[in-house]
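K.L.:
Sharing a structure, written as C-alpha cells. Questions coming.
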Amino acid sequence: MIEVKNLVKKYGDHVAVNDLSFNIEKGKIYGFLGPNGAGKSTTMNIITGYLAPTSGEVVVNGHNIYDEPEAAKKCIGYLPEIPPVYLEMTPKEYLEFSADLKGIKRSERQKMIDEVVELAGIKDVYNRLIKNLSKGYRQRVGVAQAIIGYPEIIILDEPTVGLDPKQIMEMRDLIRGLAKKHTVILSTHIMQEVSALCDEVLIIAHGELIAKDTPDNLSKHVSGSNTLELMVKAPDYKVKAILSKVSDVSKFEVVDSEEDGITKVFVSSSADKDVRENVFYAFATAKCPIVSMQYSSLSLEDVFIKVTEGKQTDRRKRKEAK
Ligand code: ADP
Ligand code: MG
C-alpha cells in the first residue's frame, strides 16, 4: 500500500530522517512511536507529499509521490501536526472548501460531508466558528477533513495531543472506527496509545527505524525469555531447594524474603516453556503454599526506553570509534 525506501531528510547539517525504509499494508492501524524530535512529522510530511525528501522514494498504491503527486495524494487523507484549520470559517464552510479542493463532485458533496460530520461527531458545532471551538472539536474537524472523500489511507499526526482524557477516549474510538474501512497511520510519543490502538508499531528515534512489530511481540522480544514472579510462603533456603529440582527452570533469583515469611523469587525458564504447572506441583508436594504467581512482561514503555537507549549506546560507540 505504501512503500518507503531509503528516505533521508536533512535540514542543513541536521539529519532529521536517516535512511528510513518500511512497508505499510492494507487494513491495519500503524503507530509511529518516538520521542519528540524523532522525525515522525517529517516522515509523515514526506509520505503525504507536503515535503520533499533529500533522497529516497515513496510509492503510494503504485504511484510515486513525485512522479504522480496527484494520484498518490488522492489515496491519502492527512491530519498534519498543525492542522491548517481556518479559524474564521465554520466546520460547514471548511468541509465544503476541503471537498472542493479534493475534487469531490458538487452532486456528491453534501452527502459526503454529512457522513464525515456524523463519523467525526461534529454535528453540534457544524455552524459555529472554528475559532470558538475547543481543542477536541477542532481536532475532530481536522479528522473530518482528512477522511472526506474516503481516501484509502488516513494519516494522523499526534491526533490526541492536547485533548483531555474523555476526548482522548472519543478520538481513539473514532480512529478504531476508521480502521474498519481505511488503513490508518498515526504518530504518537505516548506508549499506551499504541497498545490501545495499533496492530503494528514502528519505533523511530533519531530519524531511524529501530523496530517494527506488533505491540505484543515487541514486549516479548525485548524481555527475552519470560520471567515468572513467584511469592511462596516458605523460607528462602527451602524455596531454592525446591526450585532447583523443577524441570525446565533454567534460573531463579530470590529477591526478597522478609514479609511474613514470604519469599519472592524470579524464575526463568528454558526457551518458551510455561513452567507454572511444574512449579505449582513442586511447591504443593512440599506443602509450601504459593501466594501469587504471574508472568512479568515488559510494558511497551520499558521496551521503548530499552530499544532507544540501546540505539543511543550504539551511536556513542560508533562515534567514539571514529
Ligand atoms: P517529531 O515529529 O518526531 O517530533 P520532527 O519530524 O518534527 O520530529 O523533527 C525531526 C527533527 O528535525 C527535529 O530535530 C527537528 O528539530 C528537526 N526539524 C523539523 N523541521 C525542521 C525545519 N523546518 N528546519 C530545521 N529543522 C527541522
Ligand atoms: Mg511531530
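The values are calculated or read from the model by the stated rules, or taken from the named source; none is laboratory data. The structure presented is a predicted model; accordingly, all values stated were derived computationally and were not measured. Heads up, the Cβs are rebuilt from the backbone with ideal geometry, glycines too, and the neighbour counts pull from every protein chain shown. What goes into the accessible areas is simple: the full protein's heavy atoms, side chains included, and nothing from ligands, DNA or RNA. Shrake-Rupley method; radii C 1.70, N 1.55, O 1.52, S 1.80 Å.
K.L.:
Working from the alpha-carbon coordinates of the range 61-106, get Rg over Rh, Rh being the Kirkwood radius. Present the calculation step by step, with values, prior to reporting the outcome.
P.N.:
Numbers: Rg = 12.9 Å, Rh = 12.3 Å.
That ratio is 1.05, to two decimals.
K.L.:
Next question, about the same structure. By the scheme Lys and Arg +1, Asp and Glu -1, what is the net charge of all other residues having a beta-carbon under 12 Å from that of Lys123?
P.N.:
Computed value for this residue: -1.
K.L.:
What is the packing order of peptides 72-78, 109-115, taking the mean over residues of other C-beta atoms within 10 Å and listing the highest first? Can you show the working numbers first?
P.N.:
On the way: 72-78: 20.7, 109-115: 14.7.
The densest-packed peptide leads the list: 72-78, 109-115.
K.L.:
Could you give me the radius of gyration and the Dmax of the chain, taking only the C-alpha atoms into account and expressing both in angstrom?
P.N.:
Considering the chain through its Cα atoms, Rg and Dmax are 25.3, 80 Å.
K.L.:
Next question, about the same structure. For the chain, what relative contact order do you get, as a whole percent, if you take Cα pairs closer than 8 Å and at least 6 residues apart? Mind showing how you got there, number by number?
P.N.:
Details: 575 pairs, mean separation 59.1, N = 322.
Relative contact order comes out at 18 percent.
K.L.:
Structure shown: which of Lys105/Lys135; Lys26/Lys111; Lys73/Lys123; Lys240/Lys287; Lys26/Lys166; Lys245/Lys273 lie over 22 Å apart, alpha-carbon to alpha-carbon?
P.N.:
On the way: Lys105/Lys135 30 Å; Lys26/Lys111 26 Å; Lys73/Lys123 27 Å; Lys240/Lys287 14 Å; Lys26/Lys166 29 Å; Lys245/Lys273 16 Å.
Pairs exceeding 22 Å: Lys105/Lys135; Lys26/Lys111; Lys73/Lys123; Lys26/Lys166.
K.L.:
Would you calculate the separation in nanometres between label points at Ser247 and His189, each defined as 7 Å from the Cα along the Cα-to-beta-carbon direction?
P.N.:
Taking the simple label geometry, Ser247 and His189 are separated by 5.2 nm.
K.L.:
A further question follows. In deg cm²/dmol and to the nearest 500, what is the mean residue ellipticity at 222 nm of the chain if only DSSP H runs of at least 4 residues count, each as -39500 (n - 2.57), divided by the residue total? If you can, show how the numbers build up before the last one.
P.N.:
Details: 11 runs with 123 residues, N = 322.
When only DSSP H runs of four or more count, the value is -11500 deg cm²/dmol.
K.L.:
Select from Met169, Val143, Leu133 the residue farthest towards the positive end of the dipole of the range 115-176; place +1 on Cβ of Lys and Arg, -1 on Cβ of Asp and Glu, and compute about the Cα centre.
P.N.:
So the residue we want is Leu133.
K.L.:
I've got another one for you. Between Asp114 and Thr54, what is 0.36 nm times their sequence separation minus the Cα-Cα distance? Round to one decimal in nm. Don't skip to the end; give the middle numbers.
P.N.:
On the way: separation 60, 0.36 × 60 = 21.60 nm, distance 4.01 nm.
Result: 17.6 nm gained on full extension.
K.L.:
Of all the C-alpha pairs in the range 101-156, what % are more than 14 Å from each other? Walk me through the numbers before you get to the answer.
P.N.:
On the way: 828 of 1540 pairs.
In whole percent, the long-distance tail amounts to 54.
K.L.:
What is the antiparallel percent of DSSP beta bridges lying wholly in the chain, to the nearest 5?
P.N.:
Of those bridges, close to 70 percent are antiparallel.
K.L.:
Give me log10 I(q)/I(0) at q = 0.14 Å⁻¹ for the range 91-242, Debye formula, one equal scatterer per alpha-carbon, no solvent.
P.N.:
-0.78
K.L.:
Can I ask one more? On full extension of the chain, what length is gained from Ile305 through Glu68, given 0.36 nm per residue of separation minus the C-alpha to C-alpha distance? Write out the running numbers ahead of the final one.
P.N.:
Working: separation 237, 0.36 × 237 = 85.32 nm, distance 3.90 nm.
Difference between extended and current length: 81.4 nm.
K.L.:
Kindly rank 286-295, 164-173 from highest to lowest mean number of other beta carbons found within 10 Å of each residue.
P.N.:
Details: 286-295: 12.9, 164-173: 15.0.
Most protected by this proxy first, the peptides run 164-173, 286-295.
K.L.:
Suppose R0 equals 45 Å. What FRET efficiency, 1/(1 + (r/R0)^6) with r the Cβ-Cβ distance, do Phe266 and Lys26 give to the nearest 0.05? Write out the running numbers ahead of the final one.
P.N.:
Numbers: r = 42 Å, r/R0 = 0.93.
Between Phe266 and Lys26 the formula returns 0.60.
K.L.:
Quantify, in whole percent, the carbon and sulfur part of the accessible surface of the range 2-214 (1.4 Å probe; protein heavy atoms only). Could you put the intermediate results ahead of the total?
P.N.:
Working: 4940 of 9700 Å².
Accessible surface attributable to carbon and sulfur in the range 2-214 totals 51 percent.
K.L.:
Ok, one more. Taking the convex hull of the Cα atoms, report for the range 159-256 its projected area averaged over all directions, in nm². Could you put the intermediate results ahead of the total?
P.N.:
Working: hull surface 42.4 nm².
Over every viewing direction, the Cα hull of the range 159-256 projects on average to 10.6 nm².
K.L.:
Could you work out the Rg to Rh ratio of the range 1-133, with Rh taken as the Kirkwood radius (inverse of the mean 1/r over all Cα pairs)? All intermediate terms of the calculation are to be shown ahead of the outcome.
P.N.:
Numbers: Rg = 17.2 Å, Rh = 16.9 Å.
Using only Cα positions, Rg/Rh for the range 1-133 is 1.02.
K.L.:
Quick one: dipole size for the chain, taken about the Cα centre, charges +1 on Lys/Arg Cβ and -1 on Asp/Glu Cβ, in debye to the nearest 20.
P.N.:
Numbers: 44 positive and 46 negative charges, 35 e Å.
For this selection, approximately 160 debye.
K.L.:
Okay, next question. What is the packing order of peptides 59-65, 154-160, 260-266, 27-33, taking the mean over residues of other C-beta atoms within 10 Å and listing the highest first? Walk me through the intermediate numbers first.
P.N.:
Numbers: 59-65: 17.9, 154-160: 24.4, 260-266: 15.9, 27-33: 22.4.
The peptides rank, most packed first, as 154-160, 27-33, 59-65, 260-266.
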